[in-house]
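Asker: Have a look at this one before I ask anything.
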There are 2 protein chains.
Amino acid sequence: MEDRLFNRVKELRARKGLTQQTLAQHAGVTRQTIAAIEKGDYLPSVLLALKISDVFDLNLEDVFSIKKGWE
Amino acid sequence: MEDRLFNRVKELRARKGLTQQTLAQHAGVTRQTIAAIEKGDYLPSVLLALKISDVFDLNLEDVFSIKKGWE
DNA sequence: ACACGATGTAAAGAGTACTTAACATTATAA
DNA sequence: TTATAATGTTAAGTACTCTTTACATCGTGT
């Protein structure tokens with residue numbers, strides 16, 4: 001049993017017309033960090049996930065969600 | 001400007017009558033990890049924060065929240 | 001053709017989340 | 001007293017988040 005985390009950062013960012021750069025600045029991280037999260041390279045910390053959700057004016061659960069799966 | 005994260009894990013766990021051990025099992029981590037989070041030693045990942053919130057049947061924001069500060 | 005903004009991607013290093021293992025204290029119960 | 005469950009705490013090690021630097025591609029505009 002392995003849980004994965006899905007996020008809608010790329011979609012929501014595009015919907016708001018934000019560049020990776022500006023989202024990164026608002027969240028206090030680098031552009032590469034945003035790119036890596038969108039790509040699914042790794043999961044953000046709670047702090048960063050909360051900041052990103054703040055930028056989108058959404059609850060964290062609306063941006064990041066657990067998908068339970070097997071193996 | 002430095003942001004900190006506060007959590008109500010210890011309070012909510014006590015309210016539910018859960019031990020660190022059982023909460024840890026439900027969240028898929030060790031007892032020491034729960035203890036460290038309650039103590040404020042470090043911040044959990046989003047995945048773990050979501051799992052813990054799940055155990056309490058609460059939104060993540062009701063368990064973990066950013067406190068913005070200066071210096 | 002040339003420049004520029006946005007994105008994709010990769011690698012090295014710093015810092016941190018989490019595990020495992022250990023030992024200690026306290027409270028409750030047999 | 002002896003045992004057992006719950007918690008506090010620490011240390012070493014592994015895995016991962018995030019930064020910095022760098023180079024490449026694509027699309028738009030001049």
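Asker: Do you know which of the residues in segment B:54-71 that are under 11 Å from the mean Cα position of the chain (by Cα) and assigned to a strand (DSSP E or B) is nearest to DNA strand C (Cβ to nearest atom)?
Answerer: B:Phe64
Asker: Another question about this same structure. Failed condition for A:Thr33, given (1) more than 9 Å from chain B (Cβ to nearest Cβ); (2) within 14 Å of DNA strand C (Cβ to nearest atom); (3) closer than 27 Å to B:Leu58 by Cβ; (4) under 10 Å from the mean Cα position of the chain (by Cα), with all others met?
Answerer: So the condition that A:Thr33 fails would be (3).
Asker: Let me ask something else about it. Listed residues B:Leu18, B:Leu12, B:Leu23, B:Leu5; which is within 11 Å of DNA strand C (Cβ to nearest atom) and surrounded by 15 or more Cβ atoms within 10 Å (Cβ to Cβ)?
Answerer: Sole residue among the options that is within 11 Å of DNA strand C (Cβ to nearest atom) and surrounded by 15 or more Cβ atoms within 10 Å (Cβ to Cβ): B:Leu5.
Asker: I'm trying to understand the selection: among the residues of segment B:26-59, which are under 13 Å from A:Ser45 (Cα atoms) and surrounded by 14 or more Cβ atoms within 10 Å (Cβ to Cβ)?
Answerer: Once the filter is applied, which keeps residues that are under 13 Å from A:Ser45 (Cα atoms) and surrounded by 14 or more Cβ atoms within 10 Å (Cβ to Cβ), segment B:26-59 yields B:Leu43, B:Pro44, B:Ser45, B:Val46, B:Leu47, B:Leu48, B:Ala49, B:Leu50.
Asker: Looking only at segment B:25-34, decide whether some residue is among the polar types (S, T, N, Q) and at pLDDT below 95.
Answerer: no
Asker: When you look at A:Phe64, is it farther than 20 Å from B:Leu48 by Cβ, aromatic (Phe, Trp, Tyr) and touching a residue at least 40 places away in the same chain (Cβ under 8 Å), yes or no?
Answerer: In short, no.
Asker: Filter segment A:33-53 for residues that are touching a helix residue (DSSP H, G or I) at 6+ places or on another chain (Cβ under 8 Å) and assigned to a helix (DSSP H, G or I) and give the result.
Answerer: Across segment A:33-53, the qualifying residues are A:Thr33, A:Ile34, A:Ala35, A:Ile37, A:Glu38, A:Val46, A:Leu48, A:Ala49, A:Leu50, A:Lys51, A:Ile52, A:Ser53.
Asker: Now, a different point. Looking at segment A:1-32 only, could you name the residues that are part of a helix (DSSP H, G or I) and within 13 Å of DNA strand D (Cβ to nearest atom)?
Answerer: Scanning segment A:1-32 gives A:Val9, A:Gln20, A:Gln21, A:Leu23, A:Ala24, A:Gln25, A:His26, A:Ala27, A:Arg31, A:Gln32.
The values are calculated or read from the model by the stated rules, or taken from the named source; none is laboratory data. Keep in mind that what you see is a predicted model, and the values were worked out from it rather than measured. Note: ideal-geometry Cβ built from the backbone for every residue, glycine included; neighbour counts use all protein chains shown.
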